[in-house]
Amino acid sequence: MAAPGSLSASGSAMLHGPVVKVHPVVLAAIVDSFERRNEGAGRVIGTLLGTTDKHSVEVTNCFSVPHNESEDEVAVDMEFAKNMYELHKKVTSTEQIVGWYATGNDITEHSVLIHEYYSREATNPIHMTLDTSLQGSRMNIKAYISTPMGVPGKTMGIMFTPLTVQYVYYDTERIGVDLITKTSSNPTRSIGLASDLQQVGVAANRLQDSLSTVLQYAEDVLSGKVTADNTVGRFLMDLVNQVPKIEPEDFESMLNSNINDLLMVTYLANLTQSQIALNEKLLNL
């Protein structure tokens with residue numbers, strides 16, 4: 001799978017702790033679980049799955065966990081959470097429990113109790129909140145890590161310290177993100193799927209725009225309008241070296257050959273469809 005690229009970055013200022021990288025599929029799953037919540041439920045909670053390193057926590061998957069909550073008590077189906085995690089490990093063994101999520105914008109006393117459970121399942125679990133009430137017309141996402149506090153020898157408590165949140169994606173996820181983004185400018189909040197040819201055309205136009213930007217940057221550097229950046233220069237050199245060196249005649253021949261193959265496949269498919277339709281009519285005689 002391709003390395004994730006940064007889509008955007010936001011969140012509260014990081015005090016101490018790792019950067020939390022969240023994938024779009026996680027946000028979609030949380031919103032879906034909130035929309036499907038039981039009648040009367042104020043919020044939903046669930047387990048966050050992903051990977052960790054010294055500097056970041058990457059959240060790649062999640063699942064909701066049934067729970068009942070009132071003003072005085074909270075009950076979480078721990079057995080369900082364990083069974084779901086075991087099933088996830090059979091599919092993706094690299095994903096581990098990295099924390100838990102809750103919809104809403106507040107951290108309550110019940111959040112502390114739930115966090116204690118996840119502290120037994122993972123080392124330094126994160127707590128992520130997703131504001132489904134859309135305060136400020138935004139679905140704010142925040143992440144926290146717990147820090148012990150109190151007097152030695154006395155009753156200890158925990159304090160939730162905010163972390164920086166970044167939204168990241170794989171190349172395959174970006175296709176869905178781009179499609180969802182297009183619906184924001186549509187009054188009906190819907191959009192049809194583009195054909196393969198349309199997608200190729202959009203990708204070609206995007207590539208042409210990127211090449212124009214690179215060429216303009218190179219011309220500005222050569223003319224002295226822009227100061228040269230060694231990092232950008234090395235990146236462009238690596239990019240040029242990755243382009244296969246093919247003679248124009250050979251490239252045209254390869255393209256025409258592929259087009260002929262595609263036309264032949266299309267012709268055979270139409271011929272097969274016509275043959276099937278003819279057989280059906282003969283059987284009905």
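The values are calculated or read from the model by the stated rules, or taken from the named source; none is laboratory data. Computed from a predicted structure; not experimentally measured. Virtual Cβ from ideal backbone geometry, glycine too; neighbours counted across all protein chains shown.
Scanning the range 125-154 for residues that are outside any strand (DSSP E or B) and in contact with a strand residue (DSSP E or B) (Cβ under 6 Å, 6 or more places away or on another chain), we see that the one that is surrounded by the fewest Cβ atoms within 10 Å (Cβ to Cβ) is GLY150.
Residue-wise test of (1) assigned by TED's automatic domain parsing to the domain that holds GLU95; (2) within 16 Å of GLU58 (Cβ to Cβ); (3) of a type in the set (S, T, N, Q).
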{"residue": "ALA122", "(1), (2), (3)": "yes, yes, no"}
{"residue": "LEU134", "(1), (2), (3)": "yes, no, no"}
{"residue": "LYS142", "(1), (2), (3)": "yes, no, no"}
{"residue": "THR147", "(1), (2), (3)": "yes, no, yes"}
{"residue": "PRO152", "(1), (2), (3)": "yes, no, no"}
{"residue": "MET156", "(1), (2), (3)": "yes, no, no"}
{"residue": "PRO162", "(1), (2), (3)": "yes, no, no"}
{"residue": "GLN166", "(1), (2), (3)": "yes, yes, yes"}
{"residue": "TYR170", "(1), (2), (3)": "yes, yes, no"}
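Restricting attention to the range 73-86, does a residue exist that is farther than 29 Å from GLY40 by Cα and without any contact (Cβ under 8 Å) to a residue 24 or more places away in the chain? For the range 73-86, residues farther than 29 Å from GLY40 by Cα and without any contact (Cβ under 8 Å) to a residue 24 or more places away in the chain: present. Residues in the range 192-212 that are small (Gly, Ala, Ser) and under 21 Å from LEU239 (Cα atoms): ALA203, ALA204, SER210, SER212. Whether any residue in the range 83-101 is surrounded by fewer than 17 Cβ atoms within 10 Å (Cβ to Cβ), farther than 19 Å from VAL165 by Cβ, over 24 Å from the mean Cα position of the chain (by Cα) and modelled with pLDDT of 90 or more is what I want to check. There is at least one residue in the range 83-101 that is surrounded by fewer than 17 Cβ atoms within 10 Å (Cβ to Cβ), farther than 19 Å from VAL165 by Cβ, over 24 Å from the mean Cα position of the chain (by Cα) and modelled with pLDDT of 90 or more. Being surrounded by 17 or more Cβ atoms within 10 Å (Cβ to Cβ), in contact with a helix residue (DSSP H, G or I) (Cβ under 6 Å, 6 or more places away or on another chain) and of a type in the set (Gly, Ala, Ser) is a property that SER64 has.
When the range 238-252 is limited to residues that are aliphatic (A, V, I, L, M) and exposed (fewer than 10 other Cβ atoms within 10 Å of the Cβ), the one that is farthest from LEU211 (Cα to Cα) turns out to be VAL243. At least 3 residues being out of contact with any helix residue (DSSP H, G or I) (no Cβ under 9 Å at 6 or more places or on another chain) and touching a residue at least 12 places away in the same chain (Cβ under 8 Å) is the threshold, and among the helices (runs of 4 or more DSSP H) wholly inside the range 158-245 those reaching it are 171-182. Among the residues of the range 246-285, those that are in a helix (DSSP H, G or I) and acidic (Asp, Glu) comprise GLU249, ASP250, GLU252, ASP261, GLU280.
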